Structures are given as structure tokens and as C-alpha cells.
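What follows is a set of notes on a single structure, which appears directly below.
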Amino acid sequence: MLIYHPAFDAYHSIFRILVVIDRMRDIELDKARILEFYLLFPAALGKVRIPSGSSNVKKNAKTFTNPYHDPINLRSTFREMRAMQDAAIKCLAAAELIDKDRLEHGFLTRTKKNIPDNLKGFLDRFVQERLVVAEYIFGDLANFSLYGMNGLKDRTNLMEFRYDYAV
């Protein structure tokens, strides 16, 4: 039996990563992966450790509906999505929508190449339909440092942070 899930669809991943880089313009690769994950699984925001009182989104996370099944294990699903994310990122680099040189240094940087208007419309509609979630993801979550204790890796528990380079 075949079961479709957008987490393992390279084209869907391209779309979600486009949403991220269209909003963030220049972002660490791992942070973009995490934000893209929460665009797909907004109910998982309830498990993110954030300072108390910083947002009511976390309290309401369980009400966010997902037409697809939410993962049983967030960390393993995130790890399994990496192949699709890598394929999507390479496709965006080949299309010159992200800077290849910055990608080699671990950053997704949006180039000046225009996204076609009809695709841009889909991106904007996607964000508008999830406005509360998108504002939280591109505001609160994106503002956390990626590295170290209390960084985004630590707060989400999606990636290992203990061996991050300490500045």
C-alpha cells in the first residue's frame, strides 16, 4: 500500500523551503530545516520549550490541524526528512533562487532572481492560511540562536546541540 506524506515529497519540500527563504532572506541551513519542519507540523510547536509568556501559540498548538498524520517521533521524522530537504535545497540552488557560495558555508541566502508571480501567489496564500503559525515561526522561533543551550536546536530537541562550537 502506498501512503503519501508531504514530509517525503521533494516538491512539497521545495515549496516549504521557498516559503522560509522568501520570508527570512538569509538564514542558517539548520535553522531553515527546523522552521520548514514546523510549517509542515504546526501542532508540534506545543513541544517546543520557550520562555513562559512569550506566546500563546504554544498553548494553542494542539488545535492546529494537519491534513496529514503528525509524526509519532518528531526527532526521527525530522532526521528522515533530511534527504528531501537536501534535494529541495540543491534544486533551489540549481534554479539560482539561493546563493550557491553561501550554501557551501551553511546558509540559505535568497538571490535577486524573481519567483514567478503565480508561484509567489501560492507562497503568500500558504502563509496567509497559516498566519498565526507563520508569524510565530518567522518571528519567535527564528529569533532564537540556533546553537548552544537554549538555542533552537535545544529548545526543539530536533538536533543535537551539546557539541556546538561555543563562541
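Read-outs: derived from the displayed coordinates by stated rules, not from any lab. Here the structure is a predicted model, which means the values were calculated and not measured. We place every Cβ from the backbone using ideal geometry, glycine too, and count neighbours over all the protein chains shown.
Worth pointing out:
- Only helices enter the 222 nm calculation for the chain: every DSSP H run of n ≥ 4 contributes -39,500 (n - 2.57), and dividing by all residues gives -14000 deg cm²/dmol, rounded to 500.
- Principal axis dimensions, the chain - Cα atoms, whole angstrom, descending: 43, 40, 34
- Packing-based exposure ordering (other Cβ within 10 Å, fewest first) of T63, T109: T63, T109
- Placing unit charges on the Cβ atoms of the charged side chains and taking the dipole of the chain about its Cα centre, the candidate lying farthest along the positive direction among F122, N157, P6 is N157.
- Placing +1 on each Lys and Arg Cβ and -1 on each Asp and Glu Cβ, with no other charges, gives region 108-152 a dipole about its Cα centre of roughly 280 debye.
- Extension gain from R49 to A83, taking 0.36 nm per residue of separation minus the Cα-Cα distance: 9.6 nm
- Gyration tensor (alpha-carbon) shape descriptor, region 8-51, a/c threshold 1.5: oblate
- Ranked by the mean number of other Cβ atoms within 10 Å per residue, highest first, peptides 13-20, 98-105, 155-162 order as 13-20, 155-162, 98-105.
- Per-residue Karplus couplings for region 156-164, computed as 6.51 cos²θ - 1.76 cosθ + 1.60 with θ equal to phi - 60°, are listed in order as 8, 6, 8, 9, 6, 10, 4, 9, 5 Hz, Gly and Pro entered as x.
- Using Cβ point charges alone (K and R +1, D and E -1), the dipole size of the chain about the Cα centre works out to roughly 340 debye.
- Our coupling estimate for region 136-144, obtained by passing each phi through the Karplus curve with A = 6.51, B = -1.76, C = 1.60 and θ = phi - 60°, is 5, 5, 7, x, 4, 5, 5, 7, 6 Hz, Gly and Pro reported as x.
- GNM result for the chain, Cα springs below 10 Å: residue of N73, N60, N143 fluctuating most strongly: N73
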